[in-house]
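For reference, the structure discussed in these notes is given below.
The values are calculated or read from the model by the stated rules, or taken from the named source; none is laboratory data. For clarity, every value in this text was computed on a predicted model and none was experimentally measured. Ideal geometry is used to build each Cβ from the backbone, glycine not excepted, and the neighbour counts take in all protein chains shown. For accessibility, only protein heavy atoms count, side chains too; no ligands or nucleic acids. Shrake-Rupley method; radii C 1.70, N 1.55, O 1.52, S 1.80 Å.
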Amino acid sequence: MAKRYQNFIAGKWVDAKSGETFEDRNPANWEEVIGIFPKSGKEDVDEAVAAARRAFPKWKAIPVPERGEILKRAGDLLVARKEEIARLMTREMGKILAETRGDVQEGIDTAYYAFGEGRRFFGHTVPSELPNKFNMTMRMPIGVAGIITPWNFPMAIPSWKIFPALLCGNTLVFKPASDTPATANALVEILLEAGVMPEAINLVHGSGASVGMAIVRHPDVDLISFTGSSAVGKVINAEAGKDLKRVSLELGGKNAQIVMDDADLELALEGVLWGAFGTTGQRCTATSRLILHEKIHDQFVEMLVDRASKIRIGNGLDENVQMGPVINQAQREIIHQYVRIGQEEGAKLVLGGHPYEEGECKKGWFYAPTIFVDVKPSMRIAQEEIFGPVLSVIKVSSLEEAIAVLNGTRYGLSSSIYTQDVNAAYRAIRDIEAGITYINGPTIGAECHMPFGGVKETGNGHREGGWTVYDFFSEIKTVYVDFSGRLQRAQIDNR
Ligand code: NAD
(Lines give C-alpha, C1' and ligand atoms only; values in the text may rest on other atoms or scores of the structure.)
Protein backbone atom coordinates (compact mmCIF):
# COMPACT_ATOMS: atom_id res chain seq x y z
CA MET A 1 0.00 0.00 0.00
CA ALA A 2 1.40 3.37 -0.98
CA LYS A 3 1.84 5.87 1.85
CA ARG A 4 -0.78 8.63 2.11
CA TYR A 5 0.63 12.10 2.60
CA GLN A 6 -1.07 15.31 3.71
CA ASN A 7 -0.70 19.07 3.43
CA PHE A 8 0.72 20.98 6.39
CA ILE A 9 -1.53 23.98 6.98
CA ALA A 10 -2.01 26.17 10.06
CA GLY A 11 0.12 23.88 12.20
CA LYS A 12 -1.66 20.62 11.27
CA TRP A 13 -1.26 17.76 8.80
CA VAL A 14 -4.52 17.79 6.81
CA ASP A 15 -6.09 16.42 3.61
CA ALA A 16 -7.15 18.68 0.75
CA LYS A 17 -10.56 20.24 1.34
CA SER A 18 -11.79 18.58 -1.86
CA GLY A 19 -10.75 15.16 -0.51
CA GLU A 20 -9.13 14.49 -3.89
CA THR A 21 -5.67 12.99 -4.31
CA PHE A 22 -2.95 12.36 -6.90
CA GLU A 23 -0.26 9.70 -7.25
CA ASP A 24 3.49 10.17 -7.19
CA ARG A 25 5.12 7.43 -9.33
CA ASN A 26 8.68 6.28 -9.87
CA PRO A 27 9.82 7.32 -13.37
CA ALA A 28 12.24 4.35 -13.47
CA ASN A 29 9.35 1.96 -12.81
CA TRP A 30 5.90 3.39 -13.33
CA GLU A 31 4.31 0.48 -11.45
CA GLU A 32 5.78 1.78 -8.18
CA VAL A 33 3.61 4.37 -6.44
CA ILE A 34 5.75 6.42 -4.04
CA GLY A 35 2.78 8.03 -2.32
CA ILE A 36 -0.72 9.43 -2.56
CA PHE A 37 -0.88 13.22 -2.12
CA PRO A 38 -3.68 15.74 -1.55
CA LYS A 39 -4.88 17.48 -4.69
CA SER A 40 -5.45 20.90 -3.20
CA GLY A 41 -7.10 24.06 -4.46
CA LYS A 42 -7.78 27.69 -3.66
CA GLU A 43 -9.56 27.00 -0.33
CA ASP A 44 -6.49 25.16 0.98
CA VAL A 45 -4.26 28.02 -0.15
CA ASP A 46 -6.53 30.56 1.59
CA GLU A 47 -6.10 28.75 4.92
CA ALA A 48 -2.38 28.40 4.42
CA VAL A 49 -1.93 32.10 3.66
CA ALA A 50 -4.06 33.12 6.66
CA ALA A 51 -1.89 30.95 8.94
CA ALA A 52 1.32 32.35 7.50
CA ARG A 53 -0.04 35.89 8.00
CA ARG A 54 -0.93 35.14 11.66
CA ALA A 55 2.53 33.71 12.31
CA PHE A 56 4.40 36.61 10.70
CA PRO A 57 4.56 39.04 13.69
CA LYS A 58 5.65 36.24 16.03
CA TRP A 59 8.23 34.73 13.70
CA LYS A 60 9.80 38.07 12.81
CA ALA A 61 10.09 38.97 16.51
CA ILE A 62 12.53 36.10 17.09
CA PRO A 63 16.11 37.44 17.00
CA VAL A 64 17.79 36.71 13.67
CA PRO A 65 20.64 34.65 15.22
CA GLU A 66 18.04 32.48 16.94
CA ARG A 67 16.24 31.89 13.64
CA GLY A 68 19.69 30.99 12.26
CA GLU A 69 20.15 28.39 15.00
CA ILE A 70 16.85 26.76 14.02
CA LEU A 71 18.14 26.50 10.45
CA LYS A 72 21.43 25.05 11.75
CA ARG A 73 19.38 22.29 13.41
CA ALA A 74 17.55 21.75 10.10
CA GLY A 75 20.99 21.29 8.48
CA ASP A 76 21.96 18.76 11.16
CA LEU A 77 18.73 16.82 10.60
CA LEU A 78 19.39 16.80 6.86
CA VAL A 79 22.84 15.36 7.57
CA ALA A 80 21.26 12.61 9.68
CA ARG A 81 18.66 11.80 7.02
CA LYS A 82 20.84 12.41 3.94
CA GLU A 83 20.98 8.84 2.66
CA GLU A 84 17.30 8.11 3.33
CA ILE A 85 16.18 11.29 1.53
CA ALA A 86 18.59 10.70 -1.37
CA ARG A 87 17.08 7.24 -1.92
CA LEU A 88 13.55 8.60 -1.74
CA MET A 89 14.47 11.33 -4.23
CA THR A 90 16.00 8.84 -6.67
CA ARG A 91 12.80 6.77 -6.53
CA GLU A 92 10.69 9.87 -6.90
CA MET A 93 12.41 11.65 -9.78
CA GLY A 94 14.94 9.22 -11.21
CA LYS A 95 18.36 10.88 -11.01
CA ILE A 96 21.21 8.67 -9.81
CA LEU A 97 22.13 8.35 -6.13
CA ALA A 98 25.40 10.29 -6.44
CA GLU A 99 23.34 13.23 -7.70
CA THR A 100 20.50 12.96 -5.19
CA ARG A 101 23.09 12.84 -2.38
CA GLY A 102 24.52 16.02 -3.88
CA ASP A 103 21.05 17.56 -3.98
CA VAL A 104 20.55 16.93 -0.23
CA GLN A 105 24.09 18.19 0.43
CA GLU A 106 23.18 21.46 -1.25
CA GLY A 107 20.33 21.78 1.24
CA ILE A 108 22.75 21.13 4.12
CA ASP A 109 25.24 23.70 2.83
CA THR A 110 22.46 26.26 2.37
CA ALA A 111 21.19 25.67 5.92
CA TYR A 112 24.65 26.21 7.39
CA TYR A 113 25.17 29.32 5.27
CA ALA A 114 21.86 30.69 6.62
CA PHE A 115 23.02 29.89 10.16
CA GLY A 116 26.13 32.01 9.62
CA GLU A 117 24.14 34.77 7.98
CA GLY A 118 21.99 34.94 11.14
CA ARG A 119 24.96 36.49 12.95
CA ARG A 120 25.77 38.87 10.09
CA PHE A 121 22.63 40.14 8.36
CA PHE A 122 24.54 43.34 7.79
CA GLY A 123 23.22 46.79 7.13
CA HIS A 124 25.41 49.83 6.45
CA THR A 125 26.37 52.77 8.59
CA VAL A 126 27.04 55.81 6.45
CA PRO A 127 28.20 59.33 7.41
CA SER A 128 25.59 62.06 7.31
CA GLU A 129 26.12 65.27 5.32
CA LEU A 130 24.91 67.18 8.41
CA PRO A 131 26.55 67.47 11.85
CA ASN A 132 25.17 65.54 14.84
CA LYS A 133 23.25 63.12 12.66
CA PHE A 134 23.67 59.39 12.16
CA ASN A 135 22.62 57.37 9.08
CA MET A 136 22.23 53.63 8.71
CA THR A 137 20.34 50.91 6.89
CA MET A 138 18.83 47.78 8.34
CA ARG A 139 17.07 44.75 6.87
CA MET A 140 13.42 44.03 7.51
CA PRO A 141 11.31 40.98 6.73
CA ILE A 142 8.70 41.43 4.03
CA GLY A 143 5.76 39.21 4.98
CA VAL A 144 4.25 36.07 3.48
CA ALA A 145 6.34 34.43 0.77
CA GLY A 146 4.91 32.10 -1.89
CA ILE A 147 7.51 29.47 -2.80
CA ILE A 148 6.90 27.56 -6.05
CA THR A 149 9.50 25.01 -7.15
CA PRO A 150 10.29 22.55 -9.98
CA TRP A 151 11.02 18.82 -9.69
CA ASN A 152 14.62 18.59 -10.91
CA PHE A 153 16.25 19.67 -7.62
CA PRO A 154 13.58 18.68 -5.11
CA MET A 155 15.65 19.49 -2.01
CA ALA A 156 18.23 22.01 -3.19
CA ILE A 157 15.88 24.51 -4.86
CA PRO A 158 13.29 24.64 -2.04
CA SER A 159 16.21 25.02 0.43
CA TRP A 160 17.71 27.89 -1.58
CA LYS A 161 14.44 29.75 -1.15
CA ILE A 162 12.97 28.60 2.16
CA PHE A 163 16.06 28.91 4.38
CA PRO A 164 16.84 32.54 3.44
CA ALA A 165 13.13 33.42 3.48
CA LEU A 166 12.79 32.15 7.06
CA LEU A 167 16.12 33.59 8.21
CA CYS A 168 14.98 37.02 7.02
CA GLY A 169 11.81 36.68 9.14
CA ASN A 170 9.22 35.88 6.47
CA THR A 171 6.63 33.15 6.81
CA LEU A 172 5.63 31.04 3.87
CA VAL A 173 3.38 28.92 1.75
CA PHE A 174 5.30 26.27 -0.19
CA LYS A 175 4.00 24.54 -3.31
CA PRO A 176 6.43 21.90 -4.55
CA ALA A 177 6.27 20.31 -8.01
CA SER A 178 3.69 17.54 -8.12
CA ASP A 179 6.34 15.15 -9.52
CA THR A 180 8.42 15.43 -6.31
CA PRO A 181 6.06 15.98 -3.36
CA ALA A 182 7.62 13.34 -1.06
CA THR A 183 11.02 15.07 -0.86
CA ALA A 184 9.20 18.33 -0.09
CA ASN A 185 7.33 16.57 2.69
CA ALA A 186 10.63 15.43 4.24
CA LEU A 187 11.96 18.99 4.14
CA VAL A 188 8.91 20.36 5.97
CA GLU A 189 9.12 17.59 8.60
CA ILE A 190 12.74 18.56 9.19
CA LEU A 191 11.99 22.28 9.52
CA LEU A 192 9.26 21.56 12.07
CA GLU A 193 11.49 19.23 14.06
CA ALA A 194 14.24 21.86 13.98
CA GLY A 195 11.89 24.34 15.66
CA VAL A 196 10.30 26.49 12.96
CA MET A 197 7.05 27.86 14.36
CA PRO A 198 4.35 25.55 12.88
CA GLU A 199 2.21 28.28 11.33
CA ALA A 200 5.26 29.91 9.76
CA ILE A 201 5.59 27.13 7.21
CA ASN A 202 2.67 25.82 5.20
CA LEU A 203 2.92 23.06 2.60
CA VAL A 204 0.20 22.80 -0.04
CA HIS A 205 0.41 20.04 -2.65
CA GLY A 206 -1.27 20.21 -6.04
CA SER A 207 -1.04 21.50 -9.56
CA GLY A 208 0.46 24.75 -10.75
CA ALA A 209 -2.76 25.89 -12.35
CA SER A 210 -4.82 25.56 -9.15
CA VAL A 211 -2.49 25.79 -6.12
CA GLY A 212 0.37 27.72 -7.75
CA MET A 213 -1.90 30.29 -9.35
CA ALA A 214 -3.96 30.70 -6.15
CA ILE A 215 -0.76 31.58 -4.28
CA VAL A 216 0.35 34.03 -6.97
CA ARG A 217 -3.03 35.76 -7.03
CA HIS A 218 -3.61 35.84 -3.27
CA PRO A 219 -3.73 39.49 -2.10
CA ASP A 220 -2.11 38.60 1.23
CA VAL A 221 1.00 37.04 -0.34
CA ASP A 222 3.72 39.69 -0.51
CA LEU A 223 6.41 38.02 -2.55
CA ILE A 224 6.79 35.10 -4.94
CA SER A 225 9.94 33.09 -5.43
CA PHE A 226 9.55 30.87 -8.47
CA THR A 227 11.85 28.46 -10.28
CA GLY A 228 10.56 26.75 -13.41
CA SER A 229 10.03 27.30 -17.11
CA SER A 230 10.18 30.70 -18.78
CA ALA A 231 6.65 30.22 -20.13
CA VAL A 232 5.17 29.82 -16.63
CA GLY A 233 7.48 32.52 -15.24
CA LYS A 234 6.00 35.06 -17.66
CA VAL A 235 2.46 34.20 -16.59
CA ILE A 236 3.40 34.48 -12.91
CA ASN A 237 5.18 37.77 -13.40
CA ALA A 238 2.16 39.27 -15.19
CA GLU A 239 -0.30 38.06 -12.53
CA ALA A 240 1.84 39.06 -9.56
CA GLY A 241 2.55 42.42 -11.19
CA LYS A 242 -1.11 43.36 -10.85
CA ASP A 243 -0.60 43.61 -7.06
CA LEU A 244 2.99 44.88 -7.33
CA LYS A 245 4.25 41.76 -5.57
CA ARG A 246 7.97 41.29 -5.39
CA VAL A 247 8.85 38.42 -7.74
CA SER A 248 12.04 36.41 -8.22
CA LEU A 249 12.11 34.23 -11.34
CA GLU A 250 14.73 31.56 -12.06
CA LEU A 251 13.82 30.17 -15.47
CA GLY A 252 14.99 28.15 -18.45
CA GLY A 253 18.33 27.85 -20.20
CA LYS A 254 19.92 26.79 -23.47
CA ASN A 255 23.45 26.54 -22.19
CA ALA A 256 26.50 25.99 -24.36
CA GLN A 257 30.00 24.68 -23.91
CA ILE A 258 32.66 26.02 -26.28
CA VAL A 259 35.72 23.88 -27.05
CA MET A 260 38.56 25.81 -28.69
CA ASP A 261 41.27 24.22 -30.84
CA ASP A 262 43.87 24.56 -28.07
CA ALA A 263 41.71 22.92 -25.37
CA ASP A 264 42.60 19.86 -23.34
CA LEU A 265 40.21 17.60 -25.25
CA GLU A 266 40.01 14.83 -22.65
CA LEU A 267 39.05 17.39 -20.00
CA ALA A 268 36.51 19.02 -22.33
CA LEU A 269 35.05 15.57 -23.07
CA GLU A 270 34.55 14.78 -19.38
CA GLY A 271 32.92 18.20 -19.03
CA VAL A 272 30.41 17.80 -21.83
CA LEU A 273 29.46 14.24 -20.85
CA TRP A 274 28.65 15.43 -17.34
CA GLY A 275 27.05 18.69 -18.49
CA ALA A 276 24.84 17.18 -21.20
CA PHE A 277 23.86 13.81 -19.73
CA GLY A 278 24.09 14.40 -15.95
CA THR A 279 20.55 14.47 -14.48
CA THR A 280 19.53 13.06 -17.89
CA GLY A 281 19.93 16.58 -19.29
CA GLN A 282 17.21 17.88 -16.99
CA ARG A 283 19.03 20.76 -15.37
CA CYS A 284 18.41 24.42 -16.02
CA THR A 285 22.20 24.61 -16.46
CA ALA A 286 22.47 21.48 -18.67
CA THR A 287 24.79 21.67 -21.67
CA SER A 288 22.43 21.41 -24.61
CA ARG A 289 24.70 23.00 -27.21
CA LEU A 290 28.32 22.10 -27.88
CA ILE A 291 30.21 24.68 -29.92
CA LEU A 292 33.33 23.14 -31.46
CA HIS A 293 36.22 24.83 -33.24
CA GLU A 294 36.43 23.40 -36.76
CA LYS A 295 40.03 22.25 -36.25
CA ILE A 296 39.06 19.74 -33.53
CA HIS A 297 35.43 19.17 -34.57
CA ASP A 298 35.66 15.75 -36.23
CA GLN A 299 38.07 14.30 -33.71
CA PHE A 300 36.02 15.55 -30.75
CA VAL A 301 32.71 14.30 -32.16
CA GLU A 302 34.23 10.86 -32.61
CA MET A 303 35.51 10.83 -28.99
CA LEU A 304 32.15 12.09 -27.74
CA VAL A 305 29.94 9.61 -29.59
CA ASP A 306 32.16 6.76 -28.47
CA ARG A 307 31.93 7.72 -24.79
CA ALA A 308 28.25 8.76 -24.81
CA SER A 309 27.27 5.44 -26.40
CA LYS A 310 28.77 3.67 -23.38
CA ILE A 311 26.79 5.58 -20.72
CA ARG A 312 25.15 3.02 -18.43
CA ILE A 313 21.40 3.68 -18.28
CA GLY A 314 19.02 2.31 -15.65
CA ASN A 315 17.50 2.70 -12.22
CA GLY A 316 19.43 5.36 -10.30
CA LEU A 317 19.41 3.24 -7.13
CA ASP A 318 21.96 0.95 -8.80
CA GLU A 319 25.35 2.52 -8.00
CA ASN A 320 26.72 1.38 -11.40
CA VAL A 321 24.16 3.33 -13.36
CA GLN A 322 25.27 6.68 -14.82
CA MET A 323 22.00 8.02 -16.21
CA GLY A 324 18.43 7.55 -14.98
CA PRO A 325 15.07 8.11 -16.70
CA VAL A 326 13.43 11.40 -17.62
CA ILE A 327 10.75 12.67 -15.29
CA ASN A 328 7.52 11.44 -16.92
CA GLN A 329 5.78 10.31 -20.06
CA ALA A 330 4.88 13.81 -21.24
CA GLN A 331 8.49 14.95 -21.00
CA ARG A 332 9.72 11.89 -22.91
CA GLU A 333 7.26 12.69 -25.68
CA ILE A 334 8.46 16.31 -25.83
CA ILE A 335 12.08 15.11 -26.13
CA HIS A 336 11.15 12.68 -28.89
CA GLN A 337 9.23 15.40 -30.68
CA TYR A 338 12.35 17.60 -30.63
CA VAL A 339 14.40 14.77 -32.13
CA ARG A 340 11.95 14.63 -35.03
CA ILE A 341 12.11 18.42 -35.39
CA GLY A 342 15.93 18.25 -35.50
CA GLN A 343 15.83 15.64 -38.26
CA GLU A 344 13.29 17.63 -40.24
CA GLU A 345 15.44 20.72 -39.90
CA GLY A 346 18.35 18.85 -41.49
CA ALA A 347 20.58 18.18 -38.49
CA LYS A 348 22.36 14.82 -38.56
CA LEU A 349 21.56 12.35 -35.76
CA VAL A 350 24.75 10.51 -34.80
CA LEU A 351 23.62 8.87 -31.55
CA GLY A 352 20.35 7.86 -29.86
CA GLY A 353 17.16 9.60 -30.87
CA HIS A 354 14.82 7.04 -29.36
CA PRO A 355 13.32 5.87 -26.06
CA TYR A 356 15.56 3.39 -24.25
CA GLU A 357 13.73 0.16 -23.47
CA GLU A 358 16.34 -2.47 -22.67
CA GLY A 359 15.50 -5.00 -19.92
CA GLU A 360 14.07 -3.40 -16.77
CA CYS A 361 14.01 -0.02 -18.48
CA LYS A 362 10.88 -1.06 -20.38
CA LYS A 363 8.79 0.05 -17.42
CA GLY A 364 10.36 3.48 -17.12
CA TRP A 365 10.58 6.78 -18.99
CA PHE A 366 14.12 6.26 -20.29
CA TYR A 367 15.59 7.99 -23.33
CA ALA A 368 18.88 7.19 -25.04
CA PRO A 369 21.71 9.79 -24.97
CA THR A 370 21.21 11.70 -28.20
CA ILE A 371 23.66 13.74 -30.26
CA PHE A 372 23.03 15.86 -33.35
CA VAL A 373 25.83 17.27 -35.54
CA ASP A 374 25.62 19.71 -38.46
CA VAL A 375 23.35 21.86 -36.32
CA LYS A 376 22.81 25.43 -37.49
CA PRO A 377 22.53 28.05 -34.71
CA SER A 378 19.07 29.09 -35.90
CA MET A 379 17.52 25.60 -35.75
CA ARG A 380 14.88 25.00 -33.10
CA ILE A 381 17.00 22.28 -31.47
CA ALA A 382 19.70 24.95 -31.01
CA GLN A 383 17.28 27.60 -29.74
CA GLU A 384 14.63 25.96 -27.53
CA GLU A 385 15.06 24.29 -24.16
CA ILE A 386 14.52 20.53 -24.61
CA PHE A 387 15.18 19.39 -21.02
CA GLY A 388 16.44 15.92 -21.84
CA PRO A 389 19.61 14.07 -22.89
CA VAL A 390 19.89 15.76 -26.28
CA LEU A 391 23.03 17.59 -27.38
CA SER A 392 23.31 19.79 -30.48
CA VAL A 393 26.82 20.23 -31.91
CA ILE A 394 27.63 23.41 -33.83
CA LYS A 395 30.86 23.98 -35.78
CA VAL A 396 32.58 27.41 -35.71
CA SER A 397 35.83 28.82 -37.04
CA SER A 398 36.87 31.44 -34.43
CA LEU A 399 36.44 32.57 -30.84
CA GLU A 400 34.32 35.53 -31.99
CA GLU A 401 31.96 33.24 -33.89
CA ALA A 402 31.79 30.80 -30.95
CA ILE A 403 30.78 33.58 -28.56
CA ALA A 404 28.26 35.01 -31.03
CA VAL A 405 26.65 31.58 -31.41
CA LEU A 406 26.66 31.06 -27.64
CA ASN A 407 24.97 34.43 -27.13
CA GLY A 408 22.44 33.92 -29.93
CA THR A 409 19.51 32.59 -27.91
CA ARG A 410 16.84 34.19 -25.74
CA TYR A 411 18.28 32.53 -22.62
CA GLY A 412 21.41 33.34 -20.61
CA LEU A 413 21.96 31.08 -17.62
CA SER A 414 25.20 29.11 -17.71
CA SER A 415 28.10 28.95 -20.17
CA SER A 416 31.47 27.30 -20.49
CA ILE A 417 34.66 27.53 -22.50
CA TYR A 418 37.55 25.10 -22.69
CA THR A 419 40.79 26.76 -23.76
CA GLN A 420 44.36 27.02 -22.52
CA ASP A 421 44.74 30.55 -23.89
CA VAL A 422 44.35 33.04 -21.03
CA ASN A 423 43.45 35.85 -23.43
CA ALA A 424 40.66 33.83 -25.01
CA ALA A 425 39.36 32.92 -21.54
CA TYR A 426 39.20 36.55 -20.43
CA ARG A 427 37.56 37.66 -23.68
CA ALA A 428 34.94 34.99 -23.12
CA ILE A 429 34.38 36.10 -19.52
CA ARG A 430 33.85 39.65 -20.77
CA ASP A 431 31.73 38.96 -23.85
CA ILE A 432 29.53 35.99 -22.96
CA GLU A 433 25.97 37.02 -22.07
CA ALA A 434 25.13 34.69 -19.18
CA GLY A 435 24.70 34.77 -15.42
CA ILE A 436 27.38 32.09 -14.97
CA THR A 437 30.57 31.41 -16.95
CA TYR A 438 32.88 28.46 -16.32
CA ILE A 439 36.46 28.34 -17.60
CA ASN A 440 37.59 24.75 -18.18
CA GLY A 441 34.59 23.34 -16.32
CA PRO A 442 31.15 22.16 -17.51
CA THR A 443 28.03 24.35 -17.46
CA ILE A 444 26.71 22.55 -14.37
CA GLY A 445 28.04 22.51 -10.82
CA ALA A 446 26.95 25.64 -8.96
CA GLU A 447 28.17 26.18 -5.38
CA CYS A 448 25.48 27.32 -2.96
CA HIS A 449 27.45 30.24 -1.51
CA MET A 450 27.79 31.92 -4.93
CA PRO A 451 25.09 33.97 -6.67
CA PHE A 452 23.00 31.90 -9.09
CA GLY A 453 20.79 33.14 -11.89
CA GLY A 454 20.70 34.23 -15.49
CA VAL A 455 20.18 37.08 -17.93
CA LYS A 456 17.60 37.63 -20.71
CA GLU A 457 14.63 35.24 -20.50
CA THR A 458 16.32 33.14 -17.81
CA GLY A 459 15.09 35.46 -15.11
CA ASN A 460 14.16 38.91 -13.96
CA GLY A 461 17.46 40.08 -12.53
CA HIS A 462 17.48 38.52 -9.07
CA ARG A 463 20.08 36.04 -7.90
CA GLU A 464 19.62 33.06 -5.61
CA GLY A 465 22.46 31.59 -3.58
CA GLY A 466 25.17 33.26 -1.55
CA TRP A 467 24.65 36.69 -0.04
CA THR A 468 22.52 37.98 -2.93
CA VAL A 469 19.40 35.96 -2.13
CA TYR A 470 19.10 37.83 1.18
CA ASP A 471 18.50 41.01 -0.80
CA PHE A 472 15.44 39.43 -2.35
CA PHE A 473 13.91 38.16 0.89
CA SER A 474 14.41 41.34 2.91
CA GLU A 475 13.42 44.97 2.59
CA ILE A 476 15.98 47.72 3.27
CA LYS A 477 15.00 50.41 5.75
CA THR A 478 17.02 53.63 5.76
CA VAL A 479 17.27 55.22 9.22
CA TYR A 480 18.29 58.82 10.06
CA VAL A 481 18.95 59.75 13.71
CA ASP A 482 19.28 63.49 14.29
CA PHE A 483 20.82 64.25 17.69
CA SER A 484 21.44 67.97 17.05
CA GLY A 485 18.29 69.07 18.89
CA ARG A 486 17.25 71.38 16.03
CA LEU A 487 15.68 71.14 12.57
CA GLN A 488 18.42 70.40 10.04
CA ARG A 489 17.47 70.55 6.36
CA ALA A 490 19.61 68.36 4.07
CA GLN A 491 20.76 70.03 0.83
CA ILE A 492 19.64 73.46 2.20
CA ASP A 493 21.14 74.34 5.60
CA ASN A 494 24.56 72.96 4.70
CA ARG A 495 24.83 74.74 1.32
P1 NAD B 1 7.24 24.36 -14.67
O2 NAD B 1 7.36 25.79 -15.03
O3 NAD B 1 6.32 23.52 -15.47
O4 NAD B 1 6.78 24.21 -13.16
C5 NAD B 1 7.48 24.77 -12.07
C6 NAD B 1 6.54 24.91 -10.88
O7 NAD B 1 5.54 25.85 -11.21
C8 NAD B 1 5.81 23.62 -10.50
O9 NAD B 1 5.65 23.56 -9.11
C10 NAD B 1 4.47 23.81 -11.19
O11 NAD B 1 3.42 23.07 -10.59
C12 NAD B 1 4.25 25.30 -11.01
N13 NAD B 1 3.33 25.92 -11.98
C14 NAD B 1 3.04 25.50 -13.24
N15 NAD B 1 2.15 26.33 -13.81
C16 NAD B 1 1.87 27.30 -12.90
C17 NAD B 1 1.04 28.46 -12.91
N18 NAD B 1 0.31 28.77 -13.97
N19 NAD B 1 1.01 29.24 -11.81
C20 NAD B 1 1.78 28.95 -10.73
N21 NAD B 1 2.58 27.85 -10.67
C22 NAD B 1 2.64 27.05 -11.74
O23 NAD B 1 8.73 23.76 -14.69
P24 NAD B 1 9.21 22.29 -14.38
O25 NAD B 1 8.86 21.41 -15.55
O26 NAD B 1 8.80 21.86 -13.02
O27 NAD B 1 10.79 22.50 -14.34
C28 NAD B 1 11.57 22.59 -15.49
C29 NAD B 1 11.88 24.04 -15.84
O30 NAD B 1 12.46 24.68 -14.71
C31 NAD B 1 12.90 24.17 -16.94
O32 NAD B 1 12.52 25.21 -17.79
C33 NAD B 1 14.18 24.54 -16.19
O34 NAD B 1 15.13 25.23 -16.97
C35 NAD B 1 13.63 25.38 -15.10
N36 NAD B 1 14.57 25.44 -13.99
C37 NAD B 1 15.22 26.64 -13.78
C38 NAD B 1 16.16 26.72 -12.76
C39 NAD B 1 16.89 28.01 -12.51
O40 NAD B 1 17.39 28.19 -11.41
N41 NAD B 1 16.98 28.92 -13.46
C42 NAD B 1 16.42 25.62 -11.95
C43 NAD B 1 15.72 24.44 -12.20
C44 NAD B 1 14.79 24.37 -13.22
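Figures for the structure shown
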read-out	value
Accessible surface, the range 255-439, averaged per residue in Å² (probe 1.4 Å)	41
Helical contribution to [θ] at 222 nm, DSSP H n ≥ 4, -39,500 (n - 2.57), averaged over the chain, rounded to 500	-11500 deg cm²/dmol
Computed magnitude of the charge dipole of the chain (debye, nearest 20; Cβ of K, R +1, Cβ of D, E -1)	1580
Extension gain from residue 348 to residue 209, taking 0.36 nm per residue of separation minus the Cα-Cα distance	46.2 nm
Projected label distance in nm at residue 81 and residue 493, using a 7 Å step from Cα toward the beta-carbon	5.8
Assigned charges on the beta-carbon of Lys, Arg, Asp, Glu; the range 108-201 dipole about Cα centre (debye)	340
Full-stretch length increase - residue 18, residue 440 - with 0.36 nm per residue and alpha-carbon distance subtracted	146.7 nm
Label-point separation, residue 340 to residue 455 (7 Å along Cα→Cβ), nm	3.7
Residue 426-residue 220 FRET efficiency (beta carbon distance; Förster radius 35 Å; 0.05 resolution)	0.10
Cβ-Cβ FRET estimate between residue 319 and residue 229, R0 fixed at 41 Å, reported to 0.05	0.80
The chain: angle of helix 156-167 to the longest principal axis, Cα-based, in degrees nearest 10	10
Check: the range 255-439 dipole with +1 on Lys, Arg Cβ and -1 on Asp, Glu Cβ, in debye	500
Environment charge at residue 118 (Cβ cut-off 9 Å; Lys +1, Arg +1, Asp -1, Glu -1)	+1
Local net charge near residue 150, Cβ-Cβ under 10 Å (Lys/Arg +1, Asp/Glu -1)	-2
Three-way shape call for the range 255-439 based on the alpha-carbon gyration tensor, with the a/c threshold at 1.5	prolate
The chain, accessible surface, carbon-and-sulfur percent (1.4 angstrom probe)	52
Options 444, 156, 488, ranked by Cα towards positive dipole end of the chain, top entry (Cβ charges)	488
Angle in degrees between helix 42-61 and the longest Cα principal axis of the chain, rounded to the nearest 10	60
Simple spin-label estimate for residue 98 and residue 475 in nanometres, 7 Å along Cα-Cβ	4.7
Alpha-carbon Debye profile of the chain, log10 I(q)/I(0) at 0.09, 0.10 Å⁻¹	-0.64, -0.78
Cα-based helix-to-principal-axis angle, 297-308 vs the chain, degrees rounded to 10	80
Amide proton proximity set for residue 366, modelled H, under 5 Å, gap of 5+	326, 356
Computed FRET value (nearest 0.05) for residue 330 with residue 124, which takes r as the C-beta separation and R₀ as 56 Å	0.70
